[in-house]
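Remarks on the structure that follows.
The values are calculated or read from the model by the stated rules, or taken from the named source; none is laboratory data. Predicted model, so just to flag it, every value in this text is computed and none were measured. Please note: Cβ atoms are built from the backbone with ideal geometry, for glycine as well, and neighbour counts cover all protein chains shown. Ligands, DNA and RNA are excluded from the accessible area calculation, which covers all protein heavy atoms including side chains. Shrake-Rupley method; radii C 1.70, N 1.55, O 1.52, S 1.80 Å.
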Amino acid sequence: MAQVDTAETGQGGAGSRDAASGSRRAGLRRAIRIGLRPGPWKRGPVLAALALLLGLIMLLHSKITDYGGLGSLVETFLPWLGLFVPVLLAGALWRRSASAVAALLLPVLVWLYLFGGLLGDKSHSGGDLVVAGHNVGADNPDPTGTARDLAASGADVLALEEITPQAKPVYEKGLAKTYPYHTVQGTVGLWSKLPLSDTRPVDTAMDYGPLAATKPVDSTMAYTRALRTTVATDKGPLAVYVAHLGSVRLFPRNGFWTDSRDRGAKALAEALAAERNERVVLLGDLNGTTDDRAFAALTSQLHSVQDTAGDGFGFSWPAKFPVARIDQILVRGVKPTSSWVLPGTGSDHLPVAAGISW
């Protein structure tokens, strides 16, 4: 019995030693695998690279090529690039990547630098004059209702764009009681509670080419999409421009087409540069945001009331779900006190308004 017990005890000791040796080897392999795993600063290199790329795109957006209108397209929706930050952050947290989280600081700081000033309410009470602008829409099913809503807006000076020949008498009748003075040039018009003078169309190069200059006035009036007039205020004359620049189109093959708009922006900037009145207001559907490089010549002369005295981004298009502010009020020589978006009408654009003072 003693011999059997000794044998059994010997066998058990050998098995324990083998088990301990196996455990040590397994532990060593686990330690090696853990040691070879990338640390938090080495994980997610692709996410980190995408975060840096996003920040650089926003920071250097003006350097992006405009081939196929790419630069203008990016700048039109530039604020929305910030939506990629939470997406990348979620990926970084899932991968536990410290490098990706750190890299996201660049796009966050750039976005705040570009648009952080729009997050607060910069409006002030008071103002000497309220101006408003609205692309009423050529396909507006209810111009009568639109005229009624605009007449009740409280604006002293009201600019309308995209006025069709059929809707023109409707707006003239609907706004006549509130605005005794008005002018319509082509498809744009201005209604005012104050007298108007020195009114004329502004050429925005909608009809261009070698024969454009030889056409009679009646023929070119159909292409008129901008006007200039003087509003007589208690504080002195105010030059007011109303403009509807050319439309833009996104084509699968040709990209973002902006040719007519860009020509119009250039022509309008030249007209404003020649304006002698020191107080100027531009109201209009520019078919682009002030971040777009196409408006550099305009924004170097005038500044946006929304940037100066607005609350938020002031998106105006499309009316059902606004994603961009393409309806602008730009000024020089006057002080914006407030800027806001009016309730929708039957148009696919929202009206915009601003209070200004001297």
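Could you rank the peptides 173-186, 152-165, 290-303 by their average count of other C-beta atoms within 10 Å per residue, with the highest value first?
On the way: 173-186: 16.9, 152-165: 21.0, 290-303: 19.5.
Averaged packing, sorted descending, gives the order 152-165, 290-303, 173-186.
Its alpha carbons give the chain an Rg and a Dmax of 31.7, 129 Å. Per-residue SASA remark: TRP340, around 90 Å² accessible (1.4 Å probe; ligands, DNA and RNA not included). A cut-off under 14 angstrom between Cβ atoms defines the neighbours of LEU47, and their net charge, with Lys, Arg +1 and Asp, Glu -1, is +4. Accessible surface for the range 273-358, divided over its residues, is 36 Å² per residue with a 1.4 Å probe.
My understanding is that a pair violates if its Cα-Cα distance is over 30 Å; which of LYS193/LYS335; LYS173/LYS266; LYS63/LYS335 do that in this structure? Can you show the working numbers first?
Working: LYS193/LYS335 20 Å; LYS173/LYS266 34 Å; LYS63/LYS335 32 Å.
The answer is LYS173/LYS266; LYS63/LYS335.
The fraction of Cα-Cα pairs per 5 angstrom bin, counted from 0 for the range 33-177, comes to 2, 8, 12, 11, 9, 9, 10, 10, 9, 7, 5, 3, 2, 2, 1, 0, 0 percent, rounded to whole percents.
Roll a 1.4 angstrom probe over the protein heavy atoms and tell me the percent of accessible area of the chain that is carbon or sulfur. Working shown, then result.
Working: 11320 of 18640 Å².
In the chain, the share of accessible area belonging to carbon and sulfur is 61 percent.
Please list the three semi-axes, largest first and in whole Å, of the ellipsoid equivalent to the range 228-318, using sqrt of 5 times the eigenvalues of its alpha carbon gyration tensor.
Numbers: eigenvalues 141, 53, 24 Å².
Equivalent ellipsoid of the range 228-318: 27, 16, 11 Å, largest first.
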